[in-house]
Structure formats: structure tokens, C-alpha cells
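Contents: one structure, followed by commentary.
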Amino acid sequence: MNKARPPATRSVPPGTKARPPATRAVPPGNGAARPPSRTNGSGNSAVRKAPAGSGAKKGSGGPKQTAKKRAMQRAMTPEQRAARKKQSIIGGITTGIVLIGCGAAIWYFALGAPTTVEGLKDGLGTAVNNTKTKIDSIGDVLDNLDGIDWGGFFKDDPWEGNTTVTLWNEKYIKRNDGGLTIPLVNSLTAEWQKEFEAAVADWSESDALTLSIEILPVEEAWSNEKKCARQGGKQVVCNGNFGETGWVGINENEVSNNRIISSVAKMNEFYLRNANFYHRRFTMCHELGHGFGLPHTDENPYNRNQGNCLDYTDDPEENLLPGEVNFIALKEVYLAQEPTRRLLRRVDNNDGTVTETIGWLINEDKFAEAWGL
């Protein structure tokens, strides 16, 4: 067993207070007791900062903490050291993969996958401008609809004057098993889920509609174009700040050969973000109805309300739900046998031309009654 070396001493000039002898730590097991702490003369332990470059790193807890850490490292077995090193390497690789993935996502989605320096600059500029536009548009909405004539919103309705049902393409209709069968794509932010769920439940009361729901996980930062992107054979329902357009909601049906092949129902946050529940629910019900191909039941917002959401109104609370008239119209076009094209009248004109009247027939009995057959 080794013994501790005696402390080094040096002579002190007369009149100078002697400094206590220097000490150094002795490794455990060397048989020497740990020297007492130095005091500052008042009975308190004196504290001395480690000089720069002495090995104690900033934030490491000081010399004692560093010594403790070294002691723990010396006490580790080779297997434990290898395991810690392996863990550190894996952590570094994982962090690198995550950073590379985030960078790739930004490069592709935010910057448009540029392949040149100029393309990168353009992508950055576009991303910054889009972000500013989104931030500005979120705040640029009406506080409420107080003092606004709700009936005035119908003056620019693209469906105004249309009194006929526009059918979906026949491949989306099961006439003997559920009628119109299409998915509704929920591309709405969280604030609109309550109105959407209520309107879908109301329309699902019709025997002529079989509706399924597909949820698109929308992010607030998405552009209106992305949220409202059209999908074939489906009705997309979305919300966004479309600005002071004059319309609170709108439906855009894509028609081919006089049949609907896709639909998009839009809720305008400029007017509706801070509107009450009745205004929002009426608008949702109204635009979904157009998406099924239904026209308005009445186009005077100031007469007596008919009690269905496809009736123009200045008091949405009285017209929140689909009405029986809407369900009858759906049943006649989606549960009846497929319409047939029939020549109704042929007239030979004096100038040698011929005028033919052709109609699509759904109900043969009504056709015979109307034409006296």
C-alpha cells in the first residue's frame, strides 16, 4: 500500500501571512485520508474558481462534478463503454436522417423542388410571399354579420334562375340500391366540423342518397386551391378566406354531357368565420344540396320562408334543414328508372326545316298525362 506524500512547504517572508500548504487529491485506496477543506478564517469553506484551461468546462458543474464524471467513466466496464458509444452513434445517425428528411420536405413542398440556384431563389421568394399572404388573409375577415342584409348575398348566386335538377353521371347512381352514391371529401378546418356533421346527417335522411365521408387532414396554412382541389366522382367540401366576393358560399359542379362528374362546395371565411352557427349551418346545407344537383326551391329572400335550406331567405334560422320538397326531387331523379330520351314532337316547317322536341323522361305516367297520351 502506498503512502501519501507529505505536503510541500515554502518559507514565508517576515510579516507575511502564511498561505496554507498546497494539497492534492489521492486516489481511493492509497491509504491517505482526504485533507480537510480550506477555510477563509471565518469558519466557512473557502471557494476558489478553477483557472482558465484547468480542465473544468463551463456548465460542467465545476472540478468536483468533472472528477465525479471521470470516476464514473473509469468504473464502467469495456462493454458499458462500447454500449454508450454505440448509443451515441445511433443518436447522431437518427438526428442526421431527420434533418435530411426535413430539408428534403422543405425543398420539395415549400420551394417547388428547384434544381438550380435561380430556382432556389425563386422558390424562397414564393414561399415567403405565400406565408405573408396567408397571414394577411387570416386576419382580413369581418368581425360579424351585424347590419348586413343576408338576403342580399343571393343576388350573385350562379344557380339563380336554374329550376331543373342536374343529375350526376349514371355510373354514380344505383337506382335500385341507394340512389346517388358518392363520397363527400371533408377538407374543412376544425372550426367547421360541427356544421359539416349536422348537414351531412340531415341530407342522409334521404333514401336517394348514399354518402360516405373521406377526411382530408387539412392544415391551416394550406392555400384555398389546395384545400378545394377538385376530385373526380366526389364532392369536396372546403373553407377558406376567398375575400369580399359577395357570396358566403358557392358550389361549383363540373358537368360533362349534361351530367355532374365532380363538385366543390366552398364556405367563404371572409363573411362566415365570425358568423353565428345558423348562418354557417344554412350555408353548408345549401351548398351541399347544389352539389347533389338540386336547384333553388324559391329565389325571393324576403317572402315567406319555405322551411328548407335551398329556399332564399333573410333569416337562415328558419331554413336550416333540407325539406320534403328536396327529398322528393332527389327520389324522382336518383331512385326512378334511368331517364330515357324520347321524341315528343316533330314539326315540318314551311321553309323545309324540321323542329323536333326531345325530352328526358323519368316518369312515364306523368309524361303520358302531360302530353295527353
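The values are calculated or read from the model by the stated rules, or taken from the named source; none is laboratory data. All of these numbers come straight from a predicted model, not from anything done at the bench. Because the Cβ atoms are built from the backbone with ideal geometry, glycine has one as well, and the counts that use them run over all protein chains shown. Quick note on the areas: whole protein, heavy atoms, side chains included, nothing else; ligands and nucleic acids left out. Shrake-Rupley method; radii C 1.70, N 1.55, O 1.52, S 1.80 Å.
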When every protein chain stays in place and a 1.4 Å probe is rolled, 262, 88, 212 sorted by accessible area with the largest first are 88, 212, 262
Ignoring ligands and nucleic acids, residue 196 exposes an accessible area, probe 1.4 Å, in Å² to the nearest 10, of 10 Å²
For the pair residue 122 and residue 348, the simple spin-label estimate (label points 7 Å beyond Cα toward Cβ) gives in nm 6.6 nm
Listed by chain and number, the residues whose amide H is under 5 Å from that of residue 321, excluding neighbours fewer than 5 places away on the same chain and using placed H, are 309
Taking alpha-carbon centroids only, the range 66-101 lies from the range 196-238 a number of Å equal to 50 Å
Sorted largest first, the C-alpha extents of the range 74-116 along its principal axes in whole angstrom are 53, 15, 12
If amide H atoms are modeled at 1.01 Å from N in the peptide plane, then the residues at a separation of 5 or more from residue 174, or on another chain, having amide H under 5 Å from its own are 179, 180, 181
Once 170, 205 are ranked on solvent-accessible area with the largest value leading and a 1.4 Å probe, the list reads 205, 170
Between residue 140 and residue 67, Cβ-based FRET efficiency (R0 51 Å, step 0.05) works out to 0.25
With all protein chains in place and a 1.4 Å probe, residue 297 shows an accessible area in Å² (nearest 10) of 40 Å²
Sorting 191, 324 on solvent-accessible surface, 1.4 Å probe, most exposed first, gives 324, 191
To the nearest 0.05, the calculated FRET efficiency linking residue 213 and residue 97 through their beta-carbon distance, R0 being 35 Å, is 0.50
Quick shape check on the range 283-325: root eigenvalues a ≥ b ≥ c of the Cα gyration tensor, a/c under 1.5 is rounded, otherwise prolate if a/b tops b/c, else oblate, and it reads prolate
Dimensionless Rg/Rh of the range 243-344, both radii on Cα and Rh by Kirkwood, sits at 1.02
